[in-house]
Structure formats: structure tokens, C-alpha cells
1. Using heavy-atom solvent-accessible surface (probe 1.4 Å) with all chains present, what is the largest-first order of Lys205, Lys34?
2. Sort Ile101, Ile158 from largest to smallest accessible area, using a 1.4 Å probe on the heavy atoms of the protein chains.
3. Stretched out fully, how many nm does the piece from Lys44 to Ser12 gain, at 0.36 nm a residue minus the Cα gap?
4. Would you calculate the separation in nanometres between label points at Asp267 and Ala27, each defined as 7 Å from the Cα along the Cα-to-beta-carbon direction?
5. On full extension of the chain, what length is gained from Asn96 through Arg176, given 0.36 nm per residue of separation minus the C-alpha to C-alpha distance?
6. Test of understanding: express the Cα radius of gyration of the chain as a ratio to 2.2 N^0.38 Å, with N the residue count.
7. When the dipole is taken about the Cα centre of the chain, and only Lys, Arg (+1) and Asp, Glu (-1) are charged at their Cβ, what size is it in debye, to the nearest 20?
8. At what distance in nm do the modelled label points of Arg71 and Lys157 sit from each other, each positioned 7 Å from its Cα along Cα→Cβ?
Amino acid sequence: MDWNSTIKGFVSYLQLEKSLSPNSIDAYKRDLAKLQKYATTLPKPKSPSNITQDDLEGLLKSLNELEILERSQARLVSAIKGFYKYMVLENIIKENPAQLIEAPKLPKTLPVYLTLEEVDAILGAIDMSHPQGQRNRAIIETLYACGLRVTELINMKISNLFLDVEVIRVIGKGDRERLVPINSSAIKHLRLYMNEIRKHQKIEKGYEDFVFLNRRGKPLSRVMIFMIIKDLVLEAGIQKNVSPHTFRHTFATHLYEAGADLRAIQDMLGHRSILTTEIYSHVNTRYLKNTLEKYHPRFQ
């Protein structure tokens with residue numbers, strides 16, 4: 001099989017059997033395009049089934065020499081391993097050439113999160129005199145109240161809001177559903193947005209159930225959410241690198257600092273493994289250490 005047809009089959013496998021999001025699939029396709037380009041520009045071009053472990057190690061070595069970021073290399077290795085695992089599963093090859101290749105070890109970095117004062121400063125930076133201000137307030141309130149991923153936010157449906165019982169249904173990675181409580185402040189601003197702004201918009205056909213819409217009556221894009229937050233953070237005078245995901249980290253960190261059970265946080269975030277959620281215990285340790293250094297007499 002040639003590269004294009006094999007990658008096409010792998011993409012179908014990711015869509016149908018792994019239920020990956022379009023963004024994740026696009027990332028796989030970009031990484032496999034690098035492997036395809038490398039394999040077809042070798043002195044003797046190779047098809048997917050002819051690639052060896054030495055070839056894959058040669059690709060990683062070339063990326064290292066080009067000083068490609070280790071995180072990008074690690075993602076590429078993950079894509080390659082998944083690709084060749086699929087080929088073995090489909091009996092396209094018998095031996096997996098990617099089985100023994102290793103990704104670079106990445107340093108564990110603690111997530112950036114906001115203080116409560118910084119969250120309030122961002123909310124205070126919203127210009128409520130414009131119609132989009134109420135929408136943006138509802139967006140920030142919902143991100144912080146529910147710990148949503150940006151894709152979960154832009155795909156949120158009115159039919160999945162159960163505001164009378166203070167719960168929303170979230171469709172997460174792999175189309176996995178979870179119920180997340182939502183607080184009264186977020187409910188208030190969601191209702192204000194839907195009743196006072198959204199209700200009076202002309203909505204494009206097919207998008208009637210989407211909560212957050214742009215001026216043209218279509219769902220907001222990921223890029224637009226990033227831009228909204230970037231502008232608000234700048235207006236609030238916050239120096240941290242803040243993205244939509246920062247509110248997810250903030251949601252989890254504030255819960256853990258207040259004594260919430262890690263398993264409950266895992267369920268609300270939609271993490272498959274508790275190991276992913278445990279990062280917030282390390283964030284809390286850092287917070288405690290900073291407090292100790294600031295207030296303990298022996299640390300003065």
C-alpha cells in the first residue's frame with residue numbers, strides 16, 4: 001500500500017474506532033506527513049510497509065539536528081507508534097518497526113493557573129456596554145465554573161443545559177459524555193446572554209442548538225475564543241500566558257486547594273486516568289511551599 005491510502009485508512013480508524021476529535025486527527029495527519037516526506041526523499045524511497053526501525057531513528061535524529069522542540073518530537077513519535085500499531089492490527093505488516101523507538105523525555109511542567117483576583121480582573125475587563133460583552137462574560141464564567149476544554153465550550157448545545165438543576169452535559173474527547181455542575185453566577189450570565197442577546201440574533205440554519213454564536217449566527221471558532229481571552233488578559237494587565245485551557249487548570253486547582261476530592265475533580269474534568277488529574281496535587285504543593293516561604297519565620 002502507498003502512503004496516501006495507508007494514512008487514509010489510519011484516519012478512518014481514528015475516526016470510527018477511536019472516536020478522536022477532528023483537531024487530534026489533524027495533528028496525526030500533520031505528523032505522519034513528516035514521516036511520509038522523509039521516507040519518500042530517502043536515497044531509496046520507501047513505502048509505509050518497508051520502513052525499518054533504523055529509518056525511524058534516522059528521522060528522529062534529523063529532527064534533533066534541526067533543533068525541533070522535544071515536545072514536537074514526542075508528539076511525532078506518538079503518531080508513528082499509533083500508525084504502525086494500526087498497520088499490525090490490520091495485518092498490513094507483521095513486525096512493528098516503531099515498537100522500540102523512544103520519544104525524548106519531557107520535563108514535567110506544572111500548569112499555569114489564575115488566582116481568584118486575576119479571574120475577577122479578567123471578568124472586570126469585559127465591556128458590558130456591547131452585545132458581545134454579555135456573551136464573553138458568559139464564556140469566561142462557564143470556562144471557570146465547569147473546567148471545560150475549548151472544543152467542549154464551542155460545541156456546547158442548549159439541549160445539554162439543565163440550568164434549573166444546575167448541571168450541564170458535556171461531550172468530551174472520544175464523544176464521552178459527563179455531567180458537570182454549574183454555579184449560579186455562570187447560570188445567571190448564560191441566561192442573560194441567551195435571553196437578551198442570542199434570542200434576538202439571526203441564526204444560520206443548522207446552528208440553532210449551539211450556545212455561543214458569532215455575529216453571523218454561527219458557532220465561535222477556537223481561534224476566536226483564544227483572541228477574546230488574549231484581549232481581556234491584556235486589558236486586565238495580567239502578565240501570565242493565559243489561554244482557554246488556563247481556566248480549566250484554574251478550575252481544578254481552586255477545587256483542590258479548597259479540599260475537593262481528586263476523584264471528583266477527575267470526573268468533572270473528564271480525565272480517563274487519575275494520573276492526569278494528580279498534577280493538581282503538585283500545583284497545590286507548590287502553592288503551600290510558596291505560602292511557607294512567605295510566612296514562616298525561618299524562611300524570612
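1. Heavy-atom accessible area, descending, gives Lys205, Lys34.
2. Sorted by accessible area, descending: Ile158, Ile101.
3. Roughly 8.6 nm would be gained on extension.
4. 2.7
5. 25.8 nm
6. With N residues counted in the chain, Rg over 2.2 N^0.38 Å equals 1.19.
7. Dipole of the chain, to the nearest 20 debye: 420 debye.
8. About 3.3 nm, to one decimal.
The values are calculated or read from the model by the stated rules, or taken from the named source; none is laboratory data. All figures in this text were calculated on a predicted structure; none of them were measured in a lab. FYI the Cβ positions are ideal-geometry reconstructions off the backbone, even for glycines, and counts take in every protein chain you see. Accessible surface areas use protein heavy atoms only, side chains included; no ligands, DNA or RNA. Shrake-Rupley method; radii C 1.70, N 1.55, O 1.52, S 1.80 Å.
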